[in-house]
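Asker: Sharing a structure with you now.
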Amino acid sequence: MGTTNHGGDSFVVGCALVLDSAENLERFITLNLRKGLDHLIVFLDDPDNPLPTCSSDPGLVTVVRLDAEWWGDQRPERLNRRQRVVANLARVALTRLGWADWLVFLDGDEVALLDRDVVESIPAEHRAFRLFPLEAVSDSRAGDGLFKKRLPTRRLRQLEQAGLIGEATNASYFHGHATGKIAVRPAMDVRFHVHTATDEEGEKLPRFEHPRLRHLHFESPSPEEFVRKWTALAESGSDIALLTWRRQILDGFRRMPGLAPEERERLALELYDEHVREDAEPLERLGVLTRVDLDLRTHEPARLDATRVAALAEELTLLAGIPKRLLFPGVSTAQLLAALD
């Protein structure tokens, strides 16, 4: 996409549970509004997380600080459970308000890269669409904007034969998830599971797919971001299913508090070099990378007016008062509606 896309009449909202620096949050918010979203609901996993100035525009960004009062005694220790709570809380809020057409749950290092003309073309019977991942190359020498895309088996075998990946799978090629993310039409009988979405009975929603519906994933593009990401994961209570090498990284970072500073730095660099660091040059030479102009605005976000800003804030405050367990995917709509009543 080389021109600004106003996205027709659809209103697309993103939500995220974040714990990051003000600088990284600035990038997260700015890029998402520049590349396809109309509004962001940012849940702060640490209520004292510093915020960038761009978050002060309520027409574009809603910030929810998840402090002790918000959680009460119901804060899950596991990161993925906290993610599901806030994703489904946003879903319920937007369902009740009625003006959002799509909601996508993102991590704080992800950017929805949407061709809004394609979004407008999605048939009404489709209740979800998939965002295919583009993962930043872990080579700080390559600069910003260079990404890996999912590859067919034939291309993956080329990389395996060249000694660039261990096996011919996208799971081996990508350092983060290779499945992508899901956008849903907000509804009471839809459930977010972070990377998938289901109906109330637990059946996966059929997903509309198109190559111009993507998301950027800034997965450890530099040693500094690698340390920031894995330090946060080690402290988050995350118990996500990890491949062997990712488990080794997590275990290494969980050992670091007991080490001297120079030992921590050495171990972090060893883990990065062994498991993550890449050389972009041979990948570019094989033609398997894609460039994205991060400075190019491809979307002009619609703005919430003051009435909708106030209604969204009121709805999020109301929903914060219900038992958080009712926002887990397996809970019935009837139970949730009873609590709201």
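Asker: Please find, among Gly145, Gly72, the residue that is at positive phi, modelled with pLDDT under 95, in contact with a strand residue (DSSP E or B) (Cβ under 9 Å, 6 or more places away or on another chain) and not aromatic (Phe, Trp, Tyr).
Answerer: Working: Gly72 fails: in contact with a strand residue (DSSP E or B) (Cβ under 9 Å, 6 or more places away or on another chain).
So the residue among Gly145, Gly72 that is at positive phi, modelled with pLDDT under 95, in contact with a strand residue (DSSP E or B) (Cβ under 9 Å, 6 or more places away or on another chain) and not aromatic (Phe, Trp, Tyr) is Gly145.
Listed here are the residues, each with its yes/no results for (1) surrounded by 14 or more Cβ atoms within 10 Å (Cβ to Cβ); (2) out of contact with any Phe, Trp or Tyr (no Cβ under 8 Å at 6 or more places or on another chain); (3) closer than 19 Å to Arg325 by Cβ.
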position: Pro76; (1), (2), (3): yes, yes, yes
position: Asn80; (1), (2), (3): yes, yes, yes
position: Asn88; (1), (2), (3): yes, no, yes
position: Leu94; (1), (2), (3): yes, yes, no
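Asker: While we're looking at this one, here's another question. In region 287-321, what residues are among the acidic types (Asp, Glu) and surrounded by 14 or more Cβ atoms within 10 Å (Cβ to Cβ)?
Answerer: If the condition is that a residue be among the acidic types (Asp, Glu) and surrounded by 14 or more Cβ atoms within 10 Å (Cβ to Cβ), then Glu300, Glu315 are the ones that fit.
Asker: Has region 279-301 got any residue that is assigned by TED's automatic domain parsing to the domain that holds Val190 and within 18 Å of Leu94 (Cβ to Cβ)?
Answerer: Yes: region 279-301 contains one or more residues that are assigned by TED's automatic domain parsing to the domain that holds Val190 and within 18 Å of Leu94 (Cβ to Cβ).
Asker: Considering each of Leu316, Leu327, Leu269, Leu250 in turn, give the residue that is within 20 Å of Pro221 (Cα to Cα) and under 22 Å from the mean Cα position of the chain (by Cα).
Answerer: After ruling out the rest, the residue left standing is Leu250.
Asker: Okay, moving on. In region 284-318, what count of residues is obtained for those that are part of a loop (DSSP other than H, G, I, E, B) and within 18 Å of Leu37 (Cα to Cα)?
Answerer: Residues of region 284-318 part of a loop (DSSP other than H, G, I, E, B): 286-288, 292-298, 300-305.
Next, from what is left, pick out any that are within 18 Å of Leu37 (Cα to Cα): 292-298, 300-305.
Residues flagged as part of a loop (DSSP other than H, G, I, E, B) and within 18 Å of Leu37 (Cα to Cα) within region 284-318 amount to 13.
Asker: Answer yes or no as to whether Asp117 is surrounded by fewer than 20 Cβ atoms within 10 Å (Cβ to Cβ) and more than 26 Å from Pro221 (Cα to Cα). So that I can check it myself, show each step before the final result.
Answerer: Numbers: surrounded by fewer than 20 Cβ atoms within 10 Å (Cβ to Cβ): yes; more than 26 Å from Pro221 (Cα to Cα): yes.
Yes.
Asker: Still on this structure, please answer the following. Considering every residue within region 104-124, establish whether at least one is out of contact with any helix residue (DSSP H, G or I) (no Cβ under 7 Å at 6 or more places or on another chain), on the phi > 0 side of the Ramachandran plot and at pLDDT below 95.
Answerer: Looking for residues that are out of contact with any helix residue (DSSP H, G or I) (no Cβ under 7 Å at 6 or more places or on another chain), on the phi > 0 side of the Ramachandran plot and at pLDDT below 95, one finds none in region 104-124, hence no.
Asker: For region 279-299, which residues satisfy the criterion of being over 19 Å from Ser220 (Cα atoms) and among the basic types (Lys, Arg)?
Answerer: Arg285, Arg297
Asker: Cβ-Cβ distance below 9 Å, separation of 6 or more or different chains: which pairs start in region 71-95 with a residue that is more than 21 Å from Asp341 (Cα to Cα) and end on one that is outside any helix (DSSP H, G or I) and among the basic types (Lys, Arg)?
Answerer: If the second residue must be outside any helix (DSSP H, G or I) and among the basic types (Lys, Arg), the pairs left are Arg82/Arg75; Arg84/Arg191.
The values are calculated or read from the model by the stated rules, or taken from the named source; none is laboratory data. In this text, all values refer to a predicted model and were calculated from it rather than measured experimentally. No Cβ is skipped: glycine too gets one built from the backbone with ideal geometry, and neighbour counts run over all protein chains shown.
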